[in-house]
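So the structure is just underneath, and the comments pick up after that.
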Amino acid sequence: MDCVEEEVDFNWEEYLEETGATAAPHTSFRHVELSLQSSFQPGMKLEVANKGSLDTYWVATIITTCGQLLLLRYCGYGDDRKADFWCDVMTAGLHPVGWCAQNNKMLQPPKAIKEKNSDWTEFLIKELTGSRTAPANLLEGPLRGKNTVDLIVVGCILEVRDAFEPNVYWAARVQSNIGGRLCLSYVGLNDPAYDMWMFYLDTRLRPLGWAKENNLSIKPPTDLCDLRSTSEWTEALDEATAKALKSPLPLEVFKDHADLHTHSFRAGMKLEMVSPKEPFHICPVSVTKVYNEYYFQITVDDPTAEATPTCVVCHADSPGIQPVQWCLKNGVGLERPQGFESQDFHWADYLKHTGTEAAPDVCFPNASQNRGFCKDMWLEAVNPLQPSELCVARITQVKGRLLWLRLEGLTKPLPDCIVDVESMNIFPVGWCEANGCPLTHLLKTVCLPQKKIAVVQPEKQLVPSQPPDAPLNLCSSIAMDTGLVNGKYSCSQLFINHRCFSGPYLNKGRIAELPKAVGPGKCAVVLKEILTMLINSAYKPGRVLRELQMVEDPQWNCQEETLKAKYKGKSYRSNMRIVRTADQVSEFCRRVCERLQCCLNLFGPTIVSDKCPENCFSQTKTKYTYYKKRKVGRPSLGENAQDGDMTKPARRRKKRKAIFVQKKRRTSIVGYQTTESPQDSDYYYDDEEEDFEEWGSEVSSSSPREETSAHSFKDVPRRGRPPRRAALQRRATHPEPETSDRSSPRRTTRSVSYSQNQTAKNTHTKTESFEEEDRLVLERNPLEWSVSEVVDFITSTDCASLAKIFQEQDIDGQALLLLTLPTVQECMDLKLGPAIKLCHQIERVKVAFYSQFAN
């Protein structure tokens, strides 16, 4: 095999599924969790219009936030939650405290509490004294409703603490903001070579003017000050400061910055630390200077005279510092100091030799914290040698609060880099994609197979070249052992009879392009090859995949094979049991043809020359009625039920296996259309995509989700396309009676026998048959729903497991109608799949609201 590395499109979901790998939990990345929070904080005060009288306003308190949604409570209600209400900061009339006075608007308490207090002016003075008001720039203007991270725009000015002097700061300009990860350039330096990357929560970052307020020095960076003259530095700072003060960075950006804790280190103490220059090993270091109770300086031990000291400013919570003997206790190698005479390094001898002491354990309060990271978890991490680059990374080991990461996809591999669990240079899976950041990912190894040796039957010789319609010998596409094809597990050729009826799922034109025969070879290999051809010849390969899953018999001797299909940029795969022995091949082929509703001789061991024994040549798909006594799956379009053929009630089918779809799907139901296609009157599917999960299994009449909920969320069948306006009006004004629904469970339109019986009873003419989806009819305006009613509704859907979230976040009907996919993902911490599922249910309520209650 010749193997080469090839760069391919990388998809985290697909990679984790294929390899069975695990992503590090999102909750382990505290800095990312904080970056997703709202700029508004519970307890903030603002002015909002009264519900009953929109020309009057009253002060309200923010109870909780959910993205750009705020839960408010009018001041005066105390702890009473009954009047709490949700509003969208982007659409509601919210104003900072004092806005009414400035704009001559009336402040008046709501009618419900107007009599509770005799002097509301005095009440407001007490209520607002010492309270925090919502910033005006978050309620009005271009920053309105933005999250904390989004408040930092390109061109903003911050102050950055010097890397070598903790009491020195200098201004830096934001060049880019990627999800809170900032590219900064020092004011006065326009060379990108000196740009630096920091997460906005880094303790080195402060708002403009912070150093002056705290009596700290404002000087150019110590290691760069010689690049410009003093006057050039000062001029650049004055110019940048003047511009920044016109549109200052909101202080809310720094609300989540961690407060520094006091340390207990003293000069001369020894400890262990991840190397500041090359974070691939741990080395002995010394405390060489103590600045104050917050900062101290650490220097890497290097006794050689010509060595340049490697120093770094640290604080009590600095990542990567560990007590003496930490490496020994955790089985990790400790880098011997450069110039150290002895080959074997022992801390006891080293401390005695240098006359120093080890830093006590009390200096390291959080030495064992790991935040839920485990070995072999995957994440995204910054390349320590190229800070602008983020790579796919795997955790190779976890020791205490340190992680060893193997960065993938690098042109020049690096040793495992060591990071702290609190590092702001690691991110959860999918972070780069969500923030539009390039990700250096794995290179896929592709092996080029060697030429296969053809396998021929004894009486036949392989000709050098074959015409296009010649039989396909599997050895040209599938690796097989050289030798004769015989025995119990081998079969002869299987023929594809192009002229036979191809059924509703397969494209006649594509079938005609297939080889006339496949094989000989091992049964499972030959059948897998021919099934793959049929799948790729389908109008909807995913649908055929699902139908093939239903072909099985407990008496068959089978082996499980994975079948794959691609359609419109999406990939599908499923597992199917394929027979292994030659005596079962014929029956297996027949069952597959039955399942696909095509001629039983379309493929199999029988070759059809001029006339098919099933007489299927003259039939079109709307007239092909081979299955007169037993229907398989859904009945064909326009198919008439046979007179007197009243089928028995269908038994509940076995739940179908899930088909993994590698790309998110838009929820829609596929309808059939009776128009004939150019390829021999083949059907085509009208909708663009299939909802494979909606068709995943037949729902029995005893399913609890079929029953009407306590609040009468009644389901009315809907056709594959949206109903016409007249139909909407009829449903809104004349809803179906509930009595029958409450007295007996309903069978869905996915029941085969139900469809056949209805056809037999109602019509004997050609009619279109569409897959039907439930449509909601509401008895009450959802705007008036209470929290408990919303919870009841969610419980009645297939998102019942999420009902607790709605209860905890006090989401009533108004808030429900405001929810969108981004809001649901952010505020409920849901993955994309469950979020889309929930939004589908919310969308049903919205559609019902607009059709029934909106003017």
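Flag not set for residue 245, criterion: open to solvent by less than 80 Å² (accessible area, probe 1.4 Å) and over 30 Å from residue 354 (Cα atoms). For the criterion of being open to solvent by less than 70 Å² (accessible area, probe 1.4 Å) and closer than 23 Å to residue 154 by Cβ, residue 208 passes. Here residue 359 passes the criteria (1) open to solvent by less than 30 Å² (accessible area, probe 1.4 Å); (2) modelled with pLDDT under 90; (3) among the aliphatic types (A, V, I, L, M) except the one numbered (2). Considering segment 584-608, and only residues there that are under 18 Å from residue 545 (Cβ atoms) and in a helix (DSSP H, G or I), the residue that is most open to solvent (accessible area, probe 1.4 Å) turns out to be 591. Scanning segment 211-242 for residues that are surrounded by 13 or more Cβ atoms within 10 Å (Cβ to Cβ) and hydrophobic (A, V, I, L, M, F, W, C) gives 211, 216, 218, 224, 225, 227, 233, 236, 237, 240.
A single member of 524, 538 is open to solvent by less than 30 Å² (accessible area, probe 1.4 Å) and out of contact with any helix residue (DSSP H, G or I) (no Cβ under 7 Å at 6 or more places or on another chain), and it is 524. If you check residue 409 against the conditions, is it open to solvent by less than 30 Å² (accessible area, probe 1.4 Å), in a loop (DSSP other than H, G, I, E, B) and on the phi > 0 side of the Ramachandran plot? Judged against the criteria, residue 409 is a match.
The condition of being in a loop (DSSP other than H, G, I, E, B) and either in contact with a His (Cβ under 7 Å, 6 or more places away or on another chain) or at pLDDT 90 or above (or both) holds for only one of 373, 345, 340, that being 373.
Among the residues in segment 284-296, are any in contact (Cβ under 8 Å) with a residue 40 or more places away in the chain, open to solvent by 60 Å² or more (accessible area, probe 1.4 Å) and outside any helix (DSSP H, G or I)? Scanning segment 284-296 turns up at least one residue that is in contact (Cβ under 8 Å) with a residue 40 or more places away in the chain, open to solvent by 60 Å² or more (accessible area, probe 1.4 Å) and outside any helix (DSSP H, G or I).
Within segment 33-79, being of a type in the set (D, E, K, R) and either more than 20 Å from residue 809 (Cβ to Cβ) or out of contact with any Asp or Glu (no Cβ under 8 Å at 6 or more places or on another chain) (or both) holds for 33, 45, 47, 51, 55, 79.
The single condition among (1) of a type in the set (Gly, Ala, Ser); (2) crowded, with 18+ Cβ neighbours inside 10 Å; (3) at pLDDT below 90 that residue 172 does not satisfy is (3). Among the residues of segment 227-242, is any more than 39 Å from the chain's Cα centre (by Cα), modelled with pLDDT under 90 and charged (D, E, K, R)? Yes. Among the residues of segment 254-266, is any basic (Lys, Arg), at pLDDT below 90 and closer than 21 Å to residue 205 by Cβ? Yes, segment 254-266 contains at least one residue that is basic (Lys, Arg), at pLDDT below 90 and closer than 21 Å to residue 205 by Cβ.
Every listed requirement among (1) without any contact (Cβ under 8 Å) to a residue 60 or more places away in the chain; (2) in the same structural domain as residue 336 (by the TED database) is met by residue 274 save one, (1).
Only residues that are part of a loop (DSSP other than H, G, I, E, B), among the small types (Gly, Ala, Ser) and touching a Leu at 6+ places or on another chain (Cβ under 8 Å): list them for segment 154-208, please. Matches in segment 154-208: 180, 188.
Counting just the residues of segment 1-57 that are modelled with pLDDT of 85 or more, of a type in the set (Ser, Thr, Tyr) and out of contact with any strand residue (DSSP E or B) (no Cβ under 7 Å at 6 or more places or on another chain), which one comes out surrounded by the most Cβ atoms within 10 Å (Cβ to Cβ)? This residue is 35. Pairs linking a residue in segment 796-810 that is in contact (Cβ under 8 Å) with a residue 60 or more places away in the chain to a residue that is open to solvent by less than 40 Å² (accessible area, probe 1.4 Å) and of a type in the set (Lys, Arg), with Cβ atoms under 6 Å and 6 or more positions apart or on different chains, do not occur. Open to solvent by less than 10 Å² (accessible area, probe 1.4 Å) and either closer than 29 Å to residue 434 by Cα or without any contact (Cβ under 8 Å) to a residue 24 or more places away in the chain (or both), is that true of residue 193? When the stated conditions are applied, residue 193 does not pass them.
Name the one entry in 169, 200, 186, 194 that is within 19 Å of residue 424 (Cβ to Cβ) and of a type in the set (Ser, Thr, Tyr). The conditions single out 200. If you go through segment 268-279 one residue at a time, do you hit one that is open to solvent by 20 Å² or more (accessible area, probe 1.4 Å), under 30 Å from residue 153 (Cβ atoms) and in a loop (DSSP other than H, G, I, E, B)? The answer is no, given that none of the residues of segment 268-279 is open to solvent by 20 Å² or more (accessible area, probe 1.4 Å), under 30 Å from residue 153 (Cβ atoms) and in a loop (DSSP other than H, G, I, E, B). Evaluating residue 201 against the criteria (1) surrounded by fewer than 16 Cβ atoms within 10 Å (Cβ to Cβ); (2) touching a His at 6+ places or on another chain (Cβ under 7 Å); (3) among the hydrophobic types (A, V, I, L, M, F, W, C) leaves one unmet condition, (1). Taken over segment 58-70, the criterion of being open to solvent by 10 Å² or more (accessible area, probe 1.4 Å) and in contact with a strand residue (DSSP E or B) (Cβ under 7 Å, 6 or more places away or on another chain) is satisfied by 61, 63, 64, 68.
Each residue in segment 786-839 was checked for being open to solvent by less than 30 Å² (accessible area, probe 1.4 Å) and either of a type in the set (D, E, K, R) or assigned by the TED database to the domain that holds residue 85 (or both), and 2 pass.
The values are calculated or read from the model by the stated rules, or taken from the named source; none is laboratory data. This one's a predicted model, so the numbers in the text were calculated from it and none came from an experiment. So basically every Cβ, Gly included, is an ideal-geometry build from the backbone, and we count neighbours across all protein chains shown. For accessibility, only protein heavy atoms count, side chains too; no ligands or nucleic acids. Shrake-Rupley method; radii C 1.70, N 1.55, O 1.52, S 1.80 Å.
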